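Below: the structure, in structure tokens.
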There are 2 protein chains.
Amino acid sequence: MLQVLQAEFADVTISKLRFLEAEGLVTPARTASGYRKFSAADIERLRYVLTAQRDQYLPLKVIKEHLGAMDRGLRPTPGGPPAAPVAAEPAGLPVAEDFGADRTELKLTREELRVAAGITAELLEQLESHQLVVARGNHYDGDAILVAKAAAEFGRYGVEPRHLRPFRTAADREVGLIEQVAGPRRDDKTQELAALAVRLHAALVRSRLSR
Amino acid sequence: MLQVLQAEFADVTISKLRFLEAEGLVTPARTASGYRKFSAADIERLRYVLTAQRDQYLPLKVIKEHLGAMDRGLRPTPGGPPAAPVAAEPAGLPVAEDFGADRTELKLTREELRVAAGITAELLEQLESHQLVVARGNHYDGDAILVAKAAAEFGRYGVEPRHLRPFRTAADREVGLIEQVAGPRRDDKTQELAALAVRLHAALVRSRLSR
DNA sequence: TTGCGGCCTCAACCGCCGGTCGAGGGTTGA
DNA sequence: TCAACCCTCGACCGGCGGTTGAGGCCGCAA
């Protein structure tokens, strides 16, 4: 059984199989005495894992997601990642899978934000009143710093927060568009669309400027 | 110049750019005093690297091979780079959001624009009717390519030009603000404000998305 | 029933990748 | 003159994808 796979993938070792089991990618049955017993289905699964790893350079984390999606009945995906597992989750459940885990999961207090952005309490207050910066719960994320810094810089040119409201409006509209297209879930598609929106925006500003 | 990329890829840092240079993925020019100077082409290259890394999980080693292949004018590997930054044009297509690069000098005919952006005549027509792309005289500048490309990509998600009108509106408003502050002349101040506007915009979009 | 080669677990360790950090120093512009 | 950048170079780091080894059970056959 091990030999079968080894014939196909030169570098599979028992140690590797144990590792993959520990990572939850396969769950072979056991004999009475505790030995692993790989079914044909297990071997098929391993074949998928090993080829995805070798030919597409996918990290195990991602392969695991794909397998999970397949288990839930989403396409067997010949030669490509499965369609986004966007399947409608049973509503109401908190669905523990918070992936796409962003480094923007920074949580700052109001004061930390103020210091990080190097702005006055007054400016921060104005930014909040125009909803350019908004708390989630009573914390702020990393993007809030960027917003605040940009606003501060505008301030040096005499541009006040209230002049920046159109930015907020525009951003909201774009986010609306993105969510309409990509769904409410944050995933790769969302990110791609966001990047695209920013790029389009930048190009438009430039082109309008140079007229 | 760093900020320009940061607007699009939240996690690019100077340190990362240095690392990528050390790895031979980009080779920016240098000023007399040794500072890195990223050309539009460099930025385009970086964009490719960063998206391949983020969206396809490719290891840098592989990305480097792809870049090398593209430099040699080949279309690399099956399942390889999708939108290769391989320029069909002699004059190396400017594609980056570099507010300093004077791409405004570029003068394209309508057909040249269409080919450079890789879009259909129909799409171009729609873009013009919504004033997302506008001719000056009877020529188009480099920014028009960027706009058209972004629109084309949106198209693949089912987003049509008419859905993009708010972008135009937003850009116009921002340009209005910038000119009001910096005066109608295009100078350094204008460019700085423009970069600032794009940065603020990007940060806002991100922060609204992650709520 | 002893021996020997497998398999088991669990924890420690490893090498590489993809960067980050910091010391020490030059550049730029207000 | 000073702050705020940028530079280099070497040390360091965390995570990923396993490997290694100690200590122990299983199974077979001499």
Checking the conditions here, which among B:Val159, B:Val134, B:Val175, B:Val147 is more than 7 Å from chain A (Cβ to nearest Cβ) and within 20 Å of the chain's Cα centre (by Cα)?
B:Val134
Failed item, numbered, when B:Pro166 is tested on (1) under 17 Å from A:Ile178 (Cβ atoms); (2) crowded, with 24+ Cβ neighbours inside 10 Å
(2)
Please state which of the following conditions B:Arg156 fails to meet, knowing it meets all the rest: (1) at pLDDT below 90; (2) touching a helix residue (DSSP H, G or I) at 6+ places or on another chain (Cβ under 9 Å).
(2)
Is it true that some residue in region B:54-72 is modelled with pLDDT under 85, part of a loop (DSSP other than H, G, I, E, B) and out of contact with any helix residue (DSSP H, G or I) (no Cβ under 7 Å at 6 or more places or on another chain)?
yes
Does region B:27-38 hold any residues that are within 13 Å of DNA strand C (Cβ to nearest atom), of a type outside the set (A, V, I, L, M) and not in a strand (DSSP E or B), and which are they?
B:Thr31, B:Ser33, B:Gly34, B:Tyr35
How about region B:198-208: which of its residues are of a type outside the set (D, E, K, R) and either more than 7 Å from chain A (Cβ to nearest Cβ) or over 13 Å from A:Leu132 (Cα atoms) (or both)?
B:Val198
In region A:9-65, which residue that is loosely packed, with under 14 Cβ neighbours inside 10 Å and away from DNA strand D (no atom under 12 Å from the Cβ) is farthest from B:Leu58 (Cα to Cα)?
A:Ala29
Give the residue, chosen from A:Ala84, A:Ala91, A:Ala41, that is modelled with pLDDT under 90, part of a loop (DSSP other than H, G, I, E, B) and more than 14 Å from chain B (Cβ to nearest Cβ).
A:Ala91
Does A:Gly183 satisfy the criteria of being more than 11 Å from chain B (Cβ to nearest Cβ) and modelled with pLDDT under 90?
yes
Boolean, A:Glu128 is at the interface with chain B (Cβ under 7 Å from one of its Cβ atoms), surrounded by 16 or more Cβ atoms within 10 Å (Cβ to Cβ) and in a helix (DSSP H, G or I):
no
Does B:Val4 satisfy being under 20 Å from the mean Cα position of the chain (by Cα), more than 12 Å from DNA strand C (Cβ to nearest atom), at pLDDT below 60 and surrounded by 15 or more Cβ atoms within 10 Å (Cβ to Cβ)?
no
Among residues belonging to region B:186-197 that are assigned to a helix (DSSP H, G or I) and more than 7 Å from chain A (Cβ to nearest Cβ), point out the one that is nearest to the chain's Cα centre (by Cα).
B:Ala195
Kindly provide the set of residues from region B:8-26 that are within 14 Å of chain A (Cβ to nearest Cβ), within 10 Å of DNA strand C (Cβ to nearest atom) and under 23 Å from B:Asp71 (Cβ atoms), ordered by number.
B:Val12, B:Lys16
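The values are calculated or read from the model by the stated rules, or taken from the named source; none is laboratory data. Keep in mind the model is a prediction, meaning the values are calculated, not measured. A quick note on method: Cβ atoms are made from the backbone with ideal geometry, for glycine too, and the neighbour counts reach across all protein chains shown.
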